[in-house]
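Worksheet: the structure to be examined is printed underneath.
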Amino acid sequence: QVQLVESGGGLVQAGGSLRLSCAASGRTFYAMGWFRQAAGKEREFVAAINWSGLETYYSDSVKGRFTISRDGAKNTVYLRMNSLKPEDTAVYYCASGGTVISTSSGEYKNWGQGTQVTVSS
(Lines give C-alpha, C1' and ligand atoms only; values in the text may rest on other atoms or scores of the structure.)
Protein backbone atom coordinates (compact mmCIF):
# COMPACT_ATOMS: atom_id res chain seq x y z
CA GLN A 1 0.00 0.00 0.00
CA VAL A 2 1.30 3.42 -0.95
CA GLN A 3 1.63 5.95 1.87
CA LEU A 4 1.29 9.62 1.00
CA VAL A 5 2.45 12.63 3.00
CA GLU A 6 1.47 16.17 2.02
CA SER A 7 3.34 19.32 2.97
CA GLY A 8 3.57 22.96 1.97
CA GLY A 9 0.28 24.31 3.21
CA GLY A 10 -0.01 27.50 5.19
CA LEU A 11 -1.48 30.97 5.41
CA VAL A 12 -1.14 33.28 2.42
CA GLN A 13 -2.73 36.53 1.30
CA ALA A 14 -5.06 36.64 -1.68
CA GLY A 15 -3.06 36.81 -4.88
CA GLY A 16 -0.18 34.89 -3.36
CA SER A 17 1.27 31.49 -4.20
CA LEU A 18 2.00 28.19 -2.50
CA ARG A 19 3.45 24.89 -3.63
CA LEU A 20 2.12 21.71 -2.10
CA SER A 21 4.13 18.52 -2.16
CA CYS A 22 2.99 14.92 -1.84
CA ALA A 23 5.69 12.38 -1.11
CA ALA A 24 4.90 8.73 -1.80
CA SER A 25 6.46 5.86 0.10
CA GLY A 26 7.22 3.94 -3.06
CA ARG A 27 7.20 4.14 -6.81
CA THR A 28 3.73 5.01 -7.99
CA PHE A 29 2.82 4.02 -11.49
CA TYR A 30 -0.61 5.39 -11.02
CA ALA A 31 -2.56 8.50 -11.70
CA MET A 32 -2.26 10.98 -8.84
CA GLY A 33 -4.79 13.57 -7.81
CA TRP A 34 -5.29 16.54 -5.55
CA PHE A 35 -8.61 17.11 -3.84
CA ARG A 36 -9.71 19.71 -1.33
CA GLN A 37 -12.35 20.01 1.33
CA ALA A 38 -13.49 23.32 2.74
CA ALA A 39 -15.19 23.52 6.13
CA GLY A 40 -18.77 22.34 5.87
CA LYS A 41 -18.43 21.27 2.25
CA GLU A 42 -17.86 18.03 0.40
CA ARG A 43 -14.47 17.01 -0.88
CA GLU A 44 -13.93 18.22 -4.43
CA PHE A 45 -11.55 17.40 -7.24
CA VAL A 46 -8.79 19.90 -7.96
CA ALA A 47 -6.26 18.37 -10.36
CA ALA A 48 -4.88 15.05 -11.55
CA ILE A 49 -1.89 13.76 -13.46
CA ASN A 50 -1.28 10.45 -15.16
CA TRP A 51 1.60 8.11 -14.33
CA SER A 52 3.92 9.51 -16.99
CA GLY A 53 3.20 13.14 -16.14
CA LEU A 54 2.25 13.90 -19.71
CA GLU A 55 -1.48 14.18 -19.12
CA THR A 56 -3.10 16.53 -16.66
CA TYR A 57 -6.62 17.63 -15.86
CA TYR A 58 -7.98 20.48 -13.75
CA SER A 59 -11.26 21.60 -12.30
CA ASP A 60 -12.66 24.72 -13.89
CA SER A 61 -12.24 26.63 -10.65
CA VAL A 62 -8.43 26.29 -10.66
CA LYS A 63 -7.62 25.99 -14.37
CA GLY A 64 -5.03 28.54 -15.37
CA ARG A 65 -3.97 29.19 -11.76
CA PHE A 66 -2.83 25.78 -10.49
CA THR A 67 -0.29 23.41 -12.01
CA ILE A 68 0.14 19.77 -11.12
CA SER A 69 3.41 17.99 -11.81
CA ARG A 70 5.33 14.94 -10.68
CA ASP A 71 8.94 13.94 -10.21
CA GLY A 72 9.27 10.21 -10.69
CA ALA A 73 12.79 10.08 -9.32
CA LYS A 74 11.61 11.63 -6.05
CA ASN A 75 8.23 9.86 -5.96
CA THR A 76 6.67 13.25 -5.39
CA VAL A 77 3.70 15.09 -6.85
CA TYR A 78 3.40 18.85 -6.65
CA LEU A 79 0.58 21.35 -6.85
CA ARG A 80 1.71 24.85 -7.65
CA MET A 81 -1.02 27.32 -6.73
CA ASN A 82 -0.87 30.88 -8.03
CA SER A 83 -3.28 33.80 -7.77
CA LEU A 84 -4.85 32.28 -4.70
CA LYS A 85 -8.33 33.37 -3.66
CA PRO A 86 -10.09 33.17 -0.29
CA GLU A 87 -12.37 30.51 -1.80
CA ASP A 88 -9.32 28.28 -2.25
CA THR A 89 -9.17 27.91 1.54
CA ALA A 90 -9.47 24.20 2.36
CA VAL A 91 -7.65 21.11 3.49
CA TYR A 92 -5.83 19.74 0.47
CA TYR A 93 -5.38 16.00 0.03
CA CYS A 94 -3.33 14.04 -2.44
CA ALA A 95 -4.34 10.57 -3.52
CA SER A 96 -3.07 7.75 -5.70
CA GLY A 97 -5.48 6.26 -8.14
CA GLY A 98 -5.78 3.85 -10.97
CA THR A 99 -4.17 3.65 -14.34
CA VAL A 100 -6.03 6.60 -15.83
CA ILE A 101 -6.92 10.07 -14.65
CA SER A 102 -10.22 10.40 -12.81
CA THR A 103 -12.05 13.28 -11.18
CA SER A 104 -13.93 10.90 -8.90
CA SER A 105 -12.58 10.43 -5.38
CA GLY A 106 -13.88 6.86 -5.43
CA GLU A 107 -11.28 5.93 -8.03
CA TYR A 108 -8.41 6.81 -5.68
CA LYS A 109 -7.18 4.12 -3.33
CA ASN A 110 -4.67 5.77 -1.05
CA TRP A 111 -4.94 9.17 0.61
CA GLY A 112 -2.65 11.46 2.54
CA GLN A 113 -3.56 13.12 5.81
CA GLY A 114 -4.14 16.53 4.25
CA THR A 115 -2.52 19.95 4.55
CA GLN A 116 -4.35 23.16 5.42
CA VAL A 117 -4.31 26.07 2.99
CA THR A 118 -5.76 29.35 4.22
CA VAL A 119 -6.06 32.37 1.95
CA SER A 120 -6.81 35.68 3.64
CA SER A 121 -8.56 38.53 1.86
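The values are calculated or read from the model by the stated rules, or taken from the named source; none is laboratory data. What you are looking at is a predicted structure, and each value in this text was computed from that prediction instead of being measured. Neighbour counts run over all protein chains shown; Cβ positions are idealised from the backbone, glycine included. Accessible surface is based on the protein model in full, side chains and every heavy atom, while ligands, DNA and RNA are left aside. Shrake-Rupley method; radii C 1.70, N 1.55, O 1.52, S 1.80 Å.
Summary table
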| read-out | value |
| --- | --- |
| Heavy-atom surface of the chain, accessible at 1.4 Å and reported per residue (Å²) | 52 |
| Cα-based convex hull volume of segment 80-121 per residue, rounded to whole Å³ | 90 |
| Carbon/sulfur fraction of accessible area - the chain, other protein chains in place, 1.4 Å, % | 47 |
| Centre separation in Å (Cα based) which lies between segment 18-45 and segment 55-115 | 5 |
| Global geometry of segment 9-71, whether rounded, prolate or oblate, following the gyration tensor of its Cα atoms and the 1.5 cut on a/c | prolate |
| Estimated D of the chain in µm² per second, where Rh is the Kirkwood radius over Cα pairs and Stokes-Einstein applies at 20 °C, 1.002 mPa s | 153 |
| Lysines with Cα under 25 Å of K109, excluding same-chain neighbours fewer than 8 positions away | K41, K63, K74 |
| Net lengthening on full extension, A23/K109 (0.36 nm per residue, minus Cα-Cα) | 29.4 nm |
| Max mean-square fluctuation residue, GNM over the chain, Cα-Cα springs under 10 Å, options A23, A48, A14 | A14 |
| Charge dipole of the chain about the Cα centre (unit charges at C-beta), most positive-ward option of G97, Y58, N75 | N75 |
| Distance in nm between pseudo-label sites at K85 and Q1 (7 Å out along the Cβ direction from Cα) | 3.7 |
